[in-house]
1. Residues of region 191-222 being at positive phi and among the small types (G, A, S), which ones?
2. Yes or no: region 194-208 includes at least one residue that is crowded, with 16+ Cβ neighbours inside 10 Å, in contact with a Phe, Trp or Tyr (Cβ under 9 Å, 6 or more places away or on another chain) and charged (D, E, K, R).
3. Contact list please: Cβ distance under 7 Å, first residue in region 6-28 and aromatic (F, W, Y), second residue outside any helix (DSSP H, G or I) and at pLDDT 95 or above, pairs at least six apart or on different chains.
4. Test T36 against the criterion of being polar (S, T, N, Q), modelled with pLDDT of 95 or more and either surrounded by fewer than 15 Cβ atoms within 10 Å (Cβ to Cβ) or under 19 Å from the mean Cα position of the chain (by Cα) (or both), and give yes or no.
5. What's the total number of residues in region 202-257 that are in contact (Cβ under 8 Å) with a residue 60 or more places away in the chain, assigned to a helix (DSSP H, G or I) and not aliphatic (A, V, I, L, M)?
6. Provide a single number: the residues in region 167-196 that are among the aliphatic types (A, V, I, L, M) and assigned to a loop (DSSP other than H, G, I, E, B).
7. Condition (residue is of a type in the set (D, E), under 20 Å from D258 (Cα atoms) and either touching a Lys or Arg at 6+ places or on another chain (Cβ under 6 Å) or surrounded by 13 or more Cβ atoms within 10 Å (Cβ to Cβ) (or both)) applied to region 57-70: is it met by at least one residue?
8. Within region 9-55, work out how many residues are over 20 Å from E104 (Cβ atoms), in a loop (DSSP other than H, G, I, E, B) and of a type in the set (D, E, K, R).
Amino acid sequence: MFWGCTIPARFPFLEKSVRTVMDALELPYRDVDGFTCCPEKSLVNNVDHGMWTLTAARNVALADELDVNVVSPCTGCVSNLATVSSDLKSNVAKREEVNGYLKEIGKEFKGKNKLQHLVPFLHDDVGILKIKNALKKNFRGMRFAIHYGCHMMRPSHALRNDDPLDPKKFDNLVNNALGAESMQYMTKLTCCGQGLDRVDQHDTAMDMARVKLRELKSLKADAMVLCCPSCFLQFDNNQFLMERNGEKYNVPVFYITDLIGLGMGYSVEDLGLTSHRVDITPFMEKWHHMECKRDHKEELHDELSSMGTFF
């Protein structure tokens, strides 16, 4: 598991959610001693491309040394690692230059193992059926707005895990594993805008978030589901800041493993959901209400069936 910087430093409850689900699914994973920042693209790469490349190559070399595949719950991390890995595998001269530096610390970049984000890993390697069978209750009747973010599919030549213009895997997890409706909406594939916050364009970043939140509020989405800590920062933390200034969108935000964990029967506390800034209480109340309605219908059906009534 490549946790990156943002999740452990700012959102350890997201790490808790991922670990809880990985453990429940009995998936073999390990933490690698020595992993560092991926590094982050918009700042490090723009300041020093060579340092960005070398740092990412060193992280991949650690995985090469241990002969393990890499899965990350951070879209930015896996995008950066995959971009550098793809570049070095296709550019012999650059790879030799990088390995010249890595040799000084006893490492070598090979890029021989898979680099995946958590969503395509759950979809392709774990499988929808295994996740569905692990749930004690589903989310049938709930309407979720998926936010793919920019980096789970892009750059597509390096990641190759979904169609960057018409992705399906995240939707499949929500529709077929969780049993909810994955809503189709106009701003589904737009950027969250959080990257602008890092380069001192806070107002523009907030405006980009507002566009999507306004649409989801108008469509009465039950929740936003995402798969990136930077996007979580934008839509949970910054939405909370908007609320403090009088803007009310009331769109609860969940990481994908939050919902899988809830469906498995883990509590809000087990998954660290009490650390979310936007109130999830209305969501939990509606979900409980939908579950009670389904249970009542099933009990009524069983009772009528036992009486020989057909309908």
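1. G193
2. There is no residue in region 194-208 that is crowded, with 16+ Cβ neighbours inside 10 Å, in contact with a Phe, Trp or Tyr (Cβ under 9 Å, 6 or more places away or on another chain) and charged (D, E, K, R).
3. F13/G272
4. So T36 fits the description; yes.
5. The qualifying residues number 7.
6. 5
7. Within region 57-70, not a single residue is of a type in the set (D, E), under 20 Å from D258 (Cα atoms) and either touching a Lys or Arg at 6+ places or on another chain (Cβ under 6 Å) or surrounded by 13 or more Cβ atoms within 10 Å (Cβ to Cβ) (or both).
8. 4
The values are calculated or read from the model by the stated rules, or taken from the named source; none is laboratory data. A quick note: this is a predicted structure, and the numbers were derived from the prediction, not measured. Here Cβ is always computed from backbone atoms with ideal geometry, including for glycine, and neighbour counts include all displayed protein chains.
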